[in-house]
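The values are calculated or read from the model by the stated rules, or taken from the named source; none is laboratory data. Note that the structure is a prediction, hence the values are computed from the model and not measured. These accessible areas exclude ligands, DNA and RNA; they are computed on the full protein's heavy atoms, side chains included. Shrake-Rupley method; radii C 1.70, N 1.55, O 1.52, S 1.80 Å.
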Amino acid sequence: MKTIRQLTILGSTGSIGESTLDVVARHPSRFQVFALTANKSVEKMLAQCQLFQPRYAVLLDANSAEKLSVAIRNNGLDVEVLSGVESLEKVASLAEVDTVMAAIVGAAGIRPTFAAARAGKQVLLANKETLVMAGRIFMDEVKEHHATLLPIDSEHNAIHQSLPDRFSGNLTKDGIRRILLTASGGPFRRSSITELENVTPAQACAHPNWDMGRKISVDSATMMNKGLEVIEAHWLFNAAPEKIQVVIHPQSVVHSMVEYIDGSVLAQLGNPDMCTPIAHAMGYPERIESGVPSLDMFKVAQLDFEAPDLARFPCLRLAYQALADGGNMPAILNAANEIAVESFLEGRMSFTAIPSMIEQTMQTVTQSNVTTLDDVLEADKLAREVALEWLVGQV
Ligand code: NAD
Ligand code: MG
């Protein structure tokens, strides 16, 4: 009998966090929840604590943590409630923890995700923003502290599954010609530029295939999500930008592909349900049940592929540019994008202003090198200020 793996879930109340708990609930003899964390959702966190009885529950927001603490006591639960970013770092790195699911959304996830890597944990990475902002620094920390990194993003998980078992970290050495990164194209795949000007947050968040948090849903609609994923793939698989080809595939059944020099193309297919990559990474190298139904090929019937349109989706171009520029630029792209998405969701600017804000911010902030996490956080902070100034200047 194996020892039970102790799991910390960063962002347990979100879309990935809930799917992770679905998988955990199917395998009570494999996983025990050690800590759950969220921003400020008291009710959801209380319900999760009742079901999974973790040692710790952390809410970033101190007032919410106070409310949770009272509710935990009133319900007679034995869960220690903490707050603040240091507590997020603590539950990601305590000695008892084996595995950390990094599923906080945005730059807010970077410090606890780094803490998990520095503590040498098995890190299941959904928080792609960490790799976008600080790819080289993060990969170095993973290596130095002998952490294990497994991708949760469906495309990167598919690529991981399609690579050789003992991937050397060098595509050419392993006979790999390129990576084909699939993208659904989002809800506006067929919309004209004029139509894009008037889309609403509700339309942008209604993804045709995937049920996700609001930020990544807007990222999918602008295709910035694919841009962030190009940068993510670059760091995870040591792939030069020209070796990563984005392929629009509206059915989201082929989750990505690896092409070898003999012409073979290996792909991972499945229903678009994040429980598959989550279960793959959680069970790795074993296969475990995810609860995802069989892929019905007769229902799928047809698989389509097309080239991305960079004129209607400039965010993808900006991400390639940030990757080529290097240094602080990917962190600036990411921060400006977070401000842009938030401003769009709050109704303060149009959908088509998203790439304008990002491009302006990238042009305004001076390019520089980043060598530490603090450098990255500094770039993030500055870019947010510049992006907000741009917005004020628009009114
Ligand atoms: P979500 O918005 O549904 O959930 C985010 C979680 O993070 C919540 O638990 C929230 O409480 C927590 N959180 C938010 N702000 C925080 C802060 N400042 N400090 C601490 N915790 C905070 O997001 P999601 O869709 O689950 O996405 C999570 C991550 O996974 C993102 O990086 C996203 O890009 C990535 N991802 C998601 C999907 C998906 O299908 N949802 C697929 C691939 C990758
Ligand atoms: Mg993805």
**Study point:** Whole-Hz couplings from phi, Karplus 6.51/-1.76/1.60, listed for segment 186-201; x for Gly and Pro
**Key:** x, x, 10, 4, 9, 7, 7, 4, 4, 5, 4, 4, 10, 6, 9, x
Review point. Rounded to two decimals, what is Rg over Rh for segment 326-395 when you use alpha-carbon atoms and the Kirkwood radius?
Key: 0.99
Point to revise | Given 67/381; 173/243; 143/226; 90/143; 128/381, the pairs whose alpha carbons are separated by over 22 Å | key: 67/381; 143/226
Review point. After finding the eigenvalues of the alpha carbon gyration tensor for segment 75-174, what semi-axes result from the square roots of 5 times each, listed largest first in whole Å?
Key: 28, 14, 13
Check your understanding: Cα to Cα, under 17 Å, and not fewer than 8 places away if on the same chain: which aspartates and glutamates meet these conditions relative to residue 40?
Key -> 18, 61, 66, 80, 86, 89
Practice item. For residue 177, enumerate residues with amide H under 5 Å from its amide H, sequence gap 5+ or separate chain, H modeled in the peptide plane. Key: 259, 260, 261
**Study point:** Accessible-area value, residue 194, 1.4 Å probe, nucleic acids and ligands omitted, Å²
**Key:** 90 Å²
Revision key, fill the gap. Counting sequence-distant residues (5 or more places) and residues on other chains, those with an amide H built under 5 Å from that of residue 82 are 57, 58, 59
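Give me the extension gain from residue 29 to residue 74: residue separation times 0.36 nm, minus the current Cα-Cα distance, reported in nm with one decimal.
Details: separation 45, 0.36 × 45 = 16.20 nm, distance 2.88 nm.
Length difference between fully extended and current span is 13.3 nm.
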**Study point:** Residues with amide H under 5 Å from that of residue 247, placed H, sequence gap 5 or more
**Key:** 181, 182, 183
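How much area per residue is accessible in segment 268-379 when the probe is 1.4 Å and only protein heavy atoms are counted (Å²)? Spell out each step's value before the answer.
On the way: 5260 Å² over 112 residues.
With the other protein chains kept in place, segment 268-379 gives 47 Å² per residue.
Over segment 238-395, what percent of the accessible surface lies on carbon and sulfur atoms, probe 1.4 Å? Kindly include the intermediate steps, with their values, before the conclusion.
Working: 3920 of 7540 Å².
Ligands and nucleic acids excluded, carbon and sulfur give 52 percent.
Kirkwood hydrodynamic radius (Cα pairs, Å) of the chain? Don't skip to the end; give the middle numbers.
On the way: mean 1/r = 0.0465 Å⁻¹.
In the chain this quantity evaluates to 21.5 Å.
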Review point. Can you work out ³J(HN,Hα) from phi for every residue in segment 224-238, in order, using Karplus 6.51 cos²θ - 1.76 cosθ + 1.60 and θ = phi - 60°, giving whole Hz and x for Gly and Pro?
Key: 4, 3, 5, x, 4, 6, 4, 5, 4, 5, 4, 7, 5, 10, 6
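Just for segment 141-286, what percent of DSSP beta bridges are antiparallel, to the closest 5?
Numbers: 8 of 13 bridges.
Given both bridge residues lie in segment 141-286, the antiparallel proportion sits at roughly 60 percent.
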Review point. What percent antiparallel are the DSSP beta bridges of the chain, to the nearest 5?
Key: 20 percent
Check your understanding: Please state the equivalent ellipsoid semi-axes for segment 5-151: what are the square roots of 5 times the Cα gyration tensor eigenvalues, largest first, in whole Å?
Key -> 24, 16, 13
**Study point:** Estimated vicinal HN-Hα couplings, Hz - segment 38-47 in sequence order (Karplus 6.51, -1.76, 1.60; Gly, Pro = x)
**Key:** 7, 7, 8, 7, 5, 4, 4, 5, 4, 4
Revision key, fill the gap. The correct ranking of 51, 318, 388 by accessible area at 1.4 Å, largest first, is 51, 388, 318
Review point. Taking 0.36 nm per intervening residue step and subtracting the Cα-Cα distance, what contour gain separates residue 346 from residue 95 on full extension?
Key: 86.3 nm
Exercise for review: Work out, step by step, the length gained on full extension between residue 193 and residue 304: first 0.36 nm times the residue separation, then minus their alpha carbon distance; give nm to one decimal.
Suggested key: 37.7 nm
